[in-house]
Structure formats: structure tokens, C-alpha cells
Amino acid sequence: TPIPKKQRFRVLRFLWRLTWLSTLGGAAYLTYHIYDSKHPPEQLPLDPAKKTLVILGSGWGSVSLLKKLDTEDYNVVVISPRNFFLFTPLLPSCTTGTIEHRSIMEPLRHIIRHKKRAVKYYEAEATKIDVDRRVVKINDFSDVKGNVSETEVPFDYLVVGVGAENATFGKFLMLCLFGIPGVKENACFLKEIGDAQQIRKKVMDCIETATFKDQTEEEKDRLLHMVVVGGGPTGIEFAAELQDFFEEDLRKWVPDIADRFKVTLVEALPNVLPMFSKSLIDYTEKTFKDENISVRTKTMVKKVTDKNIEVEATQADGSKVKESINYGLLVWATGNAVRGVVRDLMTQLPAQKNSRRGLAVNDYLVVDGTDGIWALGDCSATKYAPTAQVAAQQGNFLARLFNSMAKTQAVEEELRSLDARLQASADDAEKALLNAEINAKGRSLSKVKQLSPFQYSHQGSLAYIGADRAVADLNWFGGAISSATGGELTYLFWRSAYVSMVFSLRNRILVLTDWLKTKAFGRDVSRE
Ligand code: FAD
Ligand code: NAI
């Protein structure tokens, strides 16, 4: 039976009102957040009676700690050469202009200005952590320097979250000690905003130089050969973005290079993306083949010059073949190495003598062999992979730990003063009241003190593999269910996951706008 006209009208009216209400709700939410982000409240001044907590770094670990830390309880000092937080998962998209670099940066000044108590920030590198004197030596290596560009910062508590630097070494002893010759001088890396900007410039420079009048055929081929070393997620995502750039934009705007532009990925292991499940590794390798990205597995780079890389490839029969590969752009993405300041700290501590990958820490992230020094993220050596997910969870854990330490100290102080009043009192009724209060405080103290050790909860791994496809190894319900998916739907999931994870509403709007802009007008092919 057909729905009566009156009822149909009611349903339509209801839907119309719902649309209006949700639009109004969305607008109110946006207005509130924009207003809030632009109007930080007054802050408490630093308090000499509070302990000084020094945080090194402004990356995933340190900023997650800062975000959840109750700064009312400490005088917090942040030291980092980078005055912003960088959302690294979208950094490969900045190399081709799919996303503009400022869209994934969040100024540290915005973050600290929204904390309850003022937080000091020094744009500097920590060059030495003096464990005995409990000071950090800091240097301003930026272009503009004042009369003072080197000083010391004392700490009561210290959190080391300086991340890692780019690995340039190989698996053999000599290469381990001195690094692979020529990498630092000739390759681009992909860790910081500056790296992505350099790559973007260099890709266009290679293209414009290849189309220079009277360029030889051989030289054109070299200049248009983009080589990526390292088949981990960084190398894979960058190679995918680069090939997308070529297929969707360069092929159209610079037709002369259409038959020559080539991306090659070189990996020492038998397959790429070793942390993903076998089906997704196969899917990625097949997708790369379809996209015309050449993948050279079992191929180890041994030496780099300004125009070529020397590799040793392992054949199917196990024999080794040496080869020279010309390149125009070389991007080096072979993982992490320990930073100098961390290596120096490790040499000061006998408890660190067996640690190779970074600072060994206990279950509460306290640096082994120290008291009051914690480490998190890529500069710490734990059983977990060096990822943003791990660093962020460690930051949240340390915020809980510091907040509960402050509460513990406050309750202990109250208990001491109640105890003093109890000793001084002669009145039985008052004594009974004080005893009851002491018991209640004692119970709340033991609750606050019950912080269990750090436990990582793996949500899964995601990677973009080009041509609007992504791979995802996901864990649901605390790991009870896991799934491995790849394709275009996974790509939509990848996008929505990252857009919901970027630091602020501002970042979210900028990233969404960049994606729309790229879809509508394509990527910018001008060289800055
Ligand atoms: P970082 O985030 O690297 O921060 C280190 C901070 O320390 C920086 O602010 C730096 O300026 C500062 N610093 C450096 N030296 C000093 C010093 N001497 N003194 C004081 N401060 C110093 N992980 C994922 O889980 N998912 C992803 O999708 C993902 N994508 C990635 C994509 C790329 C291109 C890269 C490079 C990494 C990606 N990662 C991803 C890994 C992730 O970014 C790192 O694991 C994470 O950044 C580690 O966090 P961290 O806080 O230890 O270090
Ligand atoms: P990685 O350590 O994951 O991979 C580096 C690769 O380079 C290895 O497979 C290694 O075999 C190869 N390699 C090393 N030396 C080589 C040589 N001389 N010649 C050829 N190949 C060589 O490094 P990556 O990709 O930089 O990642 C670092 C960390 O960041 C990892 O923990 C990773 O999981 C995380 N990350 C996660 C992402 C994601 O989840 N989407 C994206 C990017 C990074």
C-alpha cells in the first residue's frame, strides 16, 4: 500500500530538519574550534617551587607527551631545532606537491600556548646530556644567531625524544663503520620538510635539464632515471607518489619525456615491505609492475657517485653480479641510525654498553643506568618497530606517568602535613577525624601509584602504493581480529585514517583542500 501523502510530507520534513540541524551543529563545532585555536587562555607563570621537566624534540613522542601532560605540575622546557610538529605519514606526498608542506606542519608555539602553565621553548639542538651535572648543553645552529648561541639547561627530569637520523651504512663491517661511500654527498633523504622540498625541486630540475637543447640521448635517459634505495614503507610510498606525478601530470605537461621517465626501486632483501603480510607484499610488487615501476630486489647498493650507483645483485643460482646504474635523482630511504647526542649519552652509561639501536629503557621507559631520565620513540631501543604509532603511545604513557607522579607527590605532601597535625593534636575527636582523612588519602595514594608498565597496542600498518591504491594490515578489537586488504577501498580508508589523525583542525582542512586542489587542477610543475 502506498504511503499516505501526509505521512510522506512528515518524513520529508523530518529529513529536512535533520539536515539543517547537522549543518548547524557542524558549523557550531567548526566555529568553536577555530575560535578556541585563535584565542588561547591566560597561562600560569613558571613556578620556582615546581620541578623542571626538560623535553628534547618536537616529534611524535615528545609532542604526544606535551599534548596530554598537565603542565600545571611542572616547569616544562622544550628544546628542539624544529619549531613545529611534522605529520610524517604524509611527507612522501609533499615531494610531488600532492600536499603542500605547510599543511602537515603544526607550529610548536600554538601547541605550547594552549597549555595551562607557560612552557619555555628553545630552538636549539641538544649537543650533550651531562648525566652527573644534570644539565643539557644546547646550541643554536640556525642561520640567525645572537650573542649567545650556546648554553646549558638544568633539569630535574629529562625526556629524550630526539628521533633518529638517516642510515647510510651497509651490512658489512667496513660499510657499517664508515657508511656507504658517496651517499651523504649525492643522495637525497626523506625525513624532514627540507628533504621533501629538495626532492620536489630536483625532480623538476632533472626534467628541465633533460629537455635542454642538444642534450644527448644517453644523458636524457640518465637524468630521467629516478632511483629509490630501500624497499621499506618510506621508499615504497615515495616511488608510488613519484610515478603518480608522472602519470597524472608530467606526461601531459612535458610530453617529450613520456617515453623516458623511469622509476626504479632497489632493495637488498628478497622482497619489499617486510613488515607486511605475504599477500600484501605480492599485491604491492604486482601493482608496481603494472604501474611500470621497476623493482630490483636482492640488490645491495655498495657505492654511490654523483651520476651512478654501484650495486651487487644476487642471481637465482646464488651467484653475485656487480652492476652500475645511472641516475638523475637518487633518494636514499634505508632506515634509521642513532643520533650523535644519543650515542654520546650511551657512552656515559655502562648499563648501555650492549645497546646498539638506541637508548635501552625499562618497562617505564626510564633510560637504563639513569635516574629521572626517560627516552621514547626512534631514539630508544625497544622490542617495537621505530614507528609514529609506537612513539605516540609512549608519549601518552609518559604523560600519564608524569601526571600521576605529580599527584603522588601532592598527596604525599598532604599526608605529611596531616600527620604533623595528628601528632600535635590533643583532642580525641579531631584525632579521629584526622585518622579517617589520612586513611582515605592513603587509599587514593595507592590508586594513583598503580601505573602499569608501558604496553604497546598495535593498530596495524598502512602504506600508499600508487594509482589510488593502498595496503593495510589492520588489527581490530585489541588484536582479536586482523585483516589484510589492498586496493582502492583501502586507499579511501588510508585517506580518511590520516585526515582524522593529522594534528589540528587547521591541518585537516589544509590537507583536504590540497587533495581537492590536486584532483581539480593537477600538481604544480614549476620549479621553486
Ligand atoms: P621524530 O618524530 O623524528 O622527532 C624527533 C624530534 O627531535 C624532531 O623534532 C627533531 O627536530 C628533534 N631533534 C633532533 N635532534 C635533536 C637534538 N639534538 N636535540 C633536540 N631535538 C632534536 N610511522 C608510522 O607509524 N606510520 C607512518 O605512516 C609513518 N610514515 C612515515 C613516513 C616517513 C617519510 C618517515 C620518514 C617516517 C614515517 N614513520 C611512520 C615513522 C615515524 O615518523 C617515526 O617513527 C616517528 O617520527 C618517531 O617519532 P620520534 O618522536 O621518536 O622522532
Ligand atoms: P626500513 O628500515 O623500514 O627499510 C629500509 C630498507 O632498506 C630495508 O628493507 C633494507 O633492507 C633496505 N636497505 C638497507 N641498506 C640497503 C642497501 N645498501 N641497498 C639496498 N637496500 C638497502 O626504513 P624506512 O622505510 O625508512 O622506515 C623507517 C621506519 O619508519 C620503519 O619502522 C617503518 O615501519 C616506519 N615507516 C612506516 C610507514 C608506514 O607505516 N606507512 C611509512 C614510512 C616509515
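The values are calculated or read from the model by the stated rules, or taken from the named source; none is laboratory data. These numbers come from a predicted model, not from an experiment. Backbone-built Cβ (ideal geometry, glycine too); neighbour counts: all protein chains shown.
General observations
- Within the range 385-412, the residues that satisfy the criterion of being more than 14 Å from ligand 2 (Cβ to nearest atom), hydrophobic (A, V, I, L, M, F, W, C) and more than 17 Å from Leu66 (Cα to Cα) are Ala410, Val411.
- Of the listed requirements (1) in the same structural domain as Gln348 (by TED's automatic domain parsing); (2) touching a strand residue (DSSP E or B) at 6+ places or on another chain (Cβ under 9 Å), Leu46 misses just one: (1).
- Residues of the range 210-237 satisfying the condition of being more than 19 Å from the chain's Cα centre (by Cα) and in contact (Cβ under 8 Å) with a residue 24 or more places away in the chain: Ala210, Thr211, Lys220, Asp221, Arg222, Leu223, Leu224, His225, Met226, Val227, Val228, Val229
- Enumeration of residues in the range 337-354 that are crowded, with 17+ Cβ neighbours inside 10 Å and polar (S, T, N, Q): Gln352
- Only one entry of Leu250, Leu242 meets the criterion of being in contact (Cβ under 8 Å) with a residue 40 or more places away in the chain, of a type in the set (A, V, I, L, M) and touching a strand residue (DSSP E or B) at 6+ places or on another chain (Cβ under 7 Å), and that entry is Leu242.
- Test: Pro255 is out of contact with any His (no Cβ under 9 Å at 6 or more places or on another chain) and without any contact (Cβ under 8 Å) to a residue 40 or more places away in the chain: yes
- Residues within the range 368-380 that are over 15 Å from Leu53 (Cβ atoms) and more than 12 Å from ligand 1 (Cβ to nearest atom), tallied: 2
- The numbered conditions (1) within 16 Å of ligand 2 (Cβ to nearest atom); (2) modelled with pLDDT of 95 or more; (3) among the aliphatic types (A, V, I, L, M) are all true for Met275 except (2).
- Taken together, Ala351, Ala406 contain a single residue that is hydrophobic (A, V, I, L, M, F, W, C), free of Cβ contacts under 8 Å to residues at least 24 places away in the same chain and away from ligand 1 (no atom under 14 Å from the Cβ), which is Ala351.
- Screening Lys38 against (1) in contact with a strand residue (DSSP E or B) (Cβ under 9 Å, 6 or more places away or on another chain); (2) surrounded by fewer than 21 Cβ atoms within 10 Å (Cβ to Cβ) leaves a single unmet condition, (1).
- Test result for Gly97, surrounded by 15 or more Cβ atoms within 10 Å (Cβ to Cβ), of a type outside the set (A, V, I, L, M, F, W, C) and outside the structural domain of Ile373 (by TED's automatic domain parsing): no
- When we screen Phe141, Phe169 for residues that are modelled with pLDDT under 95 and outside any strand (DSSP E or B), the only hit is Phe169.
- Residues in the range 459-484 that are away from ligand 1 (no atom under 16 Å from the Cβ) and over 22 Å from Lys519 (Cα atoms): Trp476, Phe477, Gly478, Gly479, Ala480, Ile481, Ser482, Ser483, Ala484.
- Any hit, the range 41-54, residues being surrounded by 12 or more Cβ atoms within 10 Å (Cβ to Cβ), within 17 Å of the chain's Cα centre (by Cα) and either of a type in the set (D, E, K, R) or within 16 Å of ligand 1 (Cβ to nearest atom) (or both): no
- Qualifying residue in the range 436-452 (condition: assigned to a loop (DSSP other than H, G, I, E, B), free of Cβ contacts under 8 Å to residues at least 12 places away in the same chain and not aromatic (Phe, Trp, Tyr)): yes
- Hey, Asn166 away from ligand 2 (no atom under 16 Å from the Cβ), more than 28 Å from Leu516 (Cβ to Cβ) and polar (S, T, N, Q) or not: no
- Residue check, Ala333 surrounded by 18 or more Cβ atoms within 10 Å (Cβ to Cβ) and either within 13 Å of ligand 2 (Cβ to nearest atom) or more than 19 Å from Ala126 (Cβ to Cβ) (or both): yes
- Candidates Leu242, Leu265, Leu280, Leu273 - the one that is assigned to a loop (DSSP other than H, G, I, E, B) and within 26 Å of the chain's Cα centre (by Cα): Leu273
- Residues (surrounded by fewer than 24 Cβ atoms within 10 Å (Cβ to Cβ) and either within 20 Å of Pro386 (Cβ to Cβ) or within 11 Å of ligand 1 (Cβ to nearest atom) (or both)) located in the range 154-164: Ala164
- Considering Thr234, Thr209, the condition of being part of a helix (DSSP H, G or I), within 16 Å of ligand 2 (Cβ to nearest atom) and hydroxyl-bearing (Ser, Thr, Tyr) is satisfied by Thr234 alone.
- 1 or more residues within 16 Å of ligand 2 (Cβ to nearest atom): qualifying helices (runs of 4 or more DSSP H) within the range 38-127: 60-68, 91-94
- Answer residue from the range 309-330, given it is surrounded by 19 or more Cβ atoms within 10 Å (Cβ to Cβ) and away from ligand 2 (no atom under 14 Å from the Cβ) and is farthest from the chain's Cα centre (by Cα) among those: Gly328
- Filter pass, Ile79 being touching a Phe, Trp or Tyr at 6+ places or on another chain (Cβ under 7 Å) and either under 25 Å from Arg400 (Cβ atoms) or not charged (D, E, K, R) (or both): yes
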